[in-house]
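Visitor: One structure is given below, represented as structure tokens, and several questions about it will come after.
The values are calculated or read from the model by the stated rules, or taken from the named source; none is laboratory data. Being a predicted model, the structure only gives us computed values, none of them experimental. Backbone-built Cβ (ideal geometry, glycine too); neighbour counts: all protein chains shown. To get the accessible areas, we keep the full protein, side chains included, count just its heavy atoms, and leave off ligands, DNA and RNA. Shrake-Rupley method; radii C 1.70, N 1.55, O 1.52, S 1.80 Å.
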Amino acid sequence: MLLLPLLLLSADLRFTPHSIAQDLKGGYQVVVADLNQDGKPDLIALASGMPELVWYENPGWQRHVITRGMAQMINLAVVGNRSIVVADHFANVPSKSEGHVYLLAAPADARQEWSKREIDRIPTSHRFRTMMLDGQPVVINAALADPTSAPPEYRGHIPLVMYRAGVWKREPISTAEEGVMHGIYIKGGSLYAASFLGIHEYRYAKGQWTRREISKGDPAPWPKSGSSDVAVAKRFVAAIEPWHGSQVAVYQGKRRQVIDSSLKEGHTLEVVDLDGDGREEILAGDRGVGGGVYVWRMQGKSWVRQTVDGPGMRANSCVPVDLNGDGRVDIACIGGATANLVWYENQRP
């Protein structure tokens, strides 16, 4: 009678892929939001090579245009399903990046085009996330690099700022990160940033931000040092290292364990309980040649990798979400080189 649970824990996860779109040139970010407010999560697909920002309506995945006339979009954040903050005119070279930041407001029918106005301009505006501060939503804008820096060293201090919903004025958080700040992660009242300096946690209290080191990341010399992406679980911190790197690292306290070093160009990272056992797995996308979507599960004392999809999805971004309402966590991914949006239906028992 004890064998069945053990077999279920060790069995591979099973996912059925469902293609939503195959024409998303430079597919870069997929975001979950209930834009038509019908109780079903929809998917916004941001593609850097397209002038339109589009969303797909669950469950039939009809395509709708949010706004047009964009250039080199890079990231967005949704506030209350009725507002979107999005950045465009992005380039990895700061001197070539304009960093326009727009506020998009939904009409009565979210299927119609949204209004657009520019609210800020920070070169290399790169990562946008929504978090709650003092019971109110704010949008975090994490630039990629110091506007005056240059590759490959990217020497300089990186702007990390926020906008309060309804006010939409820039407020500084920090310029302590250096090099490239590729990933940020929100968990509860904490903001985690991954840069050439490693991983740091920011917390806000009484109008002030404090910063503490979680890890120094990859110990290689600059500019191969630090971390690229970060995700925080209950019992560990996961990272892709270094910038666009090949390593998946796990931190428990200060202990660094590299569980995989075979990624071509790691670019998205999440922690989520996919098999329903109460423990979080690591989900990562590899946008490099021959890349794909992978899950690492703890089996015994070892992390074991499973492939969700192969080179047909060179994922720039993946999000865990229950898309069909069956209580299982599915995965949605968008590919850059593969220009596609796919959701993977979780088939676990």
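Visitor: Assign one of three labels to region 177-280, namely rounded, prolate or oblate, based on the Cα gyration tensor with a ≥ b ≥ c the square roots of its eigenvalues; rounded applies when a/c is under 1.5, prolate when it is not and a/b is larger than b/c, and oblate otherwise.
Guide: oblate
Visitor: Could you tell me which residue out of S317, I240, N58 lies farthest along the dipole of the chain toward its positive end? Charges go on the beta carbon: Lys and Arg +1, Asp and Glu -1, centred on the Cα centre.
Guide: Highest projection toward the positive end goes to I240.
Visitor: Sticking with this one: Taking the alpha-carbon distance from K216 and a cut-off under 15 Å, which aspartates and glutamates remain once sequence neighbours fewer than 8 residues away in the same chain are dropped?
Guide: E177, E178, E201, D229, E241
Visitor: Let me ask something additional. What FRET efficiency, computed as 1/(1 + (r/R0)^6) with R0 = 35 Å and r the Cβ-Cβ distance, is obtained for E171 and A71, rounded to the nearest 0.05?
Guide: 0.85
Visitor: How much of the accessible area of the chain, in percent, comes from carbon and sulfur atoms when a 1.4 Å probe is used?
Guide: Accessible surface attributable to carbon and sulfur in the chain totals 52 percent.
Visitor: In whole percent, what relative contact order does region 24-106 give with Cα contacts below 8 Å and a gap of six or more residues?
Guide: Relative contact order comes out at 21 percent.
Visitor: Top to bottom by accessible area (1.4 Å), largest first, where do I259, I66 land?
Guide: Working: I259 30, I66 0 Å².
The residues order as I259, I66, largest area first.
Visitor: Shifting gears a bit: Find the relative contact order for the chain and round it to a whole percent, using C-alpha pairs within less than 8 Å whose residues are 6+ positions apart. All intermediate terms of the calculation are to be shown ahead of the outcome.
Guide: On the way: 1027 pairs, mean separation 49.6, N = 349.
Reported relative contact order: 14 percent.
Visitor: Specify which labelled value, from [x] 29, 26, 19; [y] 35, 27, 15; [z] 41, 22, 19, agrees with semi-axes √(5λ) of the Cα gyration tensor in Å derived from the coordinates of the model shown.
Guide: Calculated semi-axes √(5λ) of the Cα gyration tensor in Å: the matching label is [x].
Visitor: Follow-up. Please give the peptides 23-35, 267-279, 293-305 ranked by average Cβ packing (other Cβ atoms within 10 Å per residue), highest first, as a rough proxy for protection. Walk me through the intermediate numbers first.
Guide: Numbers: 23-35: 20.5, 267-279: 18.8, 293-305: 15.8.
Packing proxy ranking, top to bottom: 23-35, 267-279, 293-305.
Visitor: Determine which aspartates and glutamates satisfy two conditions relative to K206: a Cα distance under 19 Å, and not lying fewer than 8 residues away in the same chain.
Guide: Output for K206: D134, E171.
Visitor: Show me the ranking of peptides 315-327, 129-141, 104-116, 232-244 by mean Cβ neighbours inside 10 Å, starting with the highest.
Guide: Descending mean neighbour count gives 232-244, 315-327, 129-141, 104-116.
Visitor: Further, regarding this structure: Does region 228-293 come out rounded, prolate or oblate by the C-alpha gyration tensor, with a ≥ b ≥ c the root eigenvalues, rounded set by a/c under 1.5 and, if not, prolate when a/b is larger than b/c and oblate if not?
Guide: oblate
Visitor: What's the whole-number percent of alpha carbon pairs in region 157-237 lying beyond 20 angstrom?
Guide: Tail of P(r) above 20 Å: 33 percent of Cα pairs.
Visitor: Also, quick follow-up: In whole Hz, with x marking every Gly and Pro, tabulate ³J(HN,Hα) for region 236-246 from phi via Karplus 6.51 cos²θ - 1.76 cosθ + 1.60, θ = phi - 60°.
Guide: Working through the residues one at a time gives 7, 10, 10, 8, 9, 9, x, 4, 6, x, 9 Hz.
Visitor: Excluding ligands, DNA and RNA, what is the solvent-accessible area per residue of the chain at a probe of 1.4 Å, expressed in Å²?
Guide: Result: 41 Å² of accessible area for each residue.
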